[in-house]
1. Hey, could you check the stretch 127-154 for residues that are in a helix (DSSP H, G or I) and surrounded by 14 or more Cβ atoms within 10 Å (Cβ to Cβ) and say which is modelled with the highest pLDDT?
2. If the requirement is being modelled with pLDDT of 50 or more and either of a type in the set (A, V, I, L, M, F, W, C) or exposed (fewer than 14 other Cβ atoms within 10 Å of the Cβ) (or both), which of these qualifies: A5, A20, A56?
Amino acid sequence: MWIRAPELTVALPPPQPSPAHYPPPTPPASQGESSEQGREQSPLPLFGDFPNGGRAGDGGLAAALAHFAALRDLRATNPEYLRRCARCFLKGLCEQCPAKSWAEHGTLDTPVEYLCDVAHAQARWLGWLGENEHGWEVRAWRERVAQSAAVDVPRDLA
């Protein structure tokens, strides 16, 4: 079985037992095809039947972790993600995750711009960033966060 993203391909061990194999990855549906048709050809059993006859959700968490053990070894390779998200101190405010990146871009490690915009707006409101700053550019971010934590909060807002 293979997980395929444009910037990364990882071979996963076959499930145990392995009476069937996944179909090879298919390109995204063209504009003439329906999205349902593309889902039926998905190389991953995200919803519905697993090749060994089980259903998604059968076997509990231990079975799922064993089935997808190689996912733990995936690492981000997208240069834009590594330049921005990997260095940004706003991760606690940001909702960026591989699932949202996959839903928006079809890759696991492409930054989702509107999530970045929301996190930066929150950081500006908190006083952590200036108007034209980005979280991945700030080196002395600990001092900014500590300074905002030392501000007295009025009793009616606490």
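The values are calculated or read from the model by the stated rules, or taken from the named source; none is laboratory data. On a predicted model such as this, the values are computed, not experimentally measured, just so you know. So basically every Cβ, Gly included, is an ideal-geometry build from the backbone, and we count neighbours across all protein chains shown.
1. As a first pass, look at the stretch 127-154 and keep what is in a helix (DSSP H, G or I): 141-149.
Checking the rest, the ones that are also surrounded by 14 or more Cβ atoms within 10 Å (Cβ to Cβ) come to 141, 144-145.
On the way: W141: 90, R144: 87, V145: 87.
Among residues in the stretch 127-154 that are in a helix (DSSP H, G or I) and surrounded by 14 or more Cβ atoms within 10 Å (Cβ to Cβ), the one modelled with the highest pLDDT is W141.
2. When all the criteria are applied, what remains is A56.
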